[in-house]
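Everything below concerns the one structure shown next.
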Amino acid sequence: MNTGRDSDKFMLRLPDGMREELKEKAAANGRSMNTEIITRLEDSFESGNQAPSSIDEIAKLAARQLTSAPHIPMKDREAIWSLYETIKLEETRNIRKFMTRLSEVIADAEERSAKK
């Protein structure tokens, strides 16, 4: 991880209280705030570190049900998992749209507030 002075710089607005929380977490982890933020971003890009969604919980239930029903043909099982993957992808897209819109609304509100 190259985070020296020649690294890309990015100005960021944080919600109230988040800076202090980041500072506390960074101190608890023995890291600078910059390293804490970068580490958390990198972790979020790794699929194994993402929090499970409601569809993930439903998939676990489905897996248990399918395991206890061995008479279900393989083509039907595959169709179920294909549908799960499609739903999961759509869910991820919708979450990204939501977070993008949320960021825009917050930035617009902060900009209007700063102009007053």
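The values are calculated or read from the model by the stated rules, or taken from the named source; none is laboratory data. Quick caveat: nothing in here was measured; it's all calculated off a predicted structure. Just the protein is used for accessible areas: all its heavy atoms, side chains included, with ligands, DNA and RNA removed. Shrake-Rupley method; radii C 1.70, N 1.55, O 1.52, S 1.80 Å.
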- [ ] Grab the DSSP H runs of the chain that are 4 residues or longer, score each as -39,500 (n - 2.57), total them, divide by all residues and round the 222 nm result to the nearest 500 deg cm²/dmol.
- [x] -23500 deg cm²/dmol
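With a 1.4 Å probe and all protein chains left in place, how much of the accessible area of the chain comes from carbon and sulfur atoms, in whole percent?
On the way: 5590 of 9940 Å².
Carbon-and-sulfur percentage of accessible area, whole number: 56.
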TODO: May I ask for the angle, rounded to the nearest 10°, between helix 54-67 and the longest principal axis of the chain, with both axes built from Cα atoms and the value confined to 0 to 90°?
DONE: 20
Task: Area projected by the alpha carbon convex hull of the chain, averaged over all directions, nm² - done: 11.1
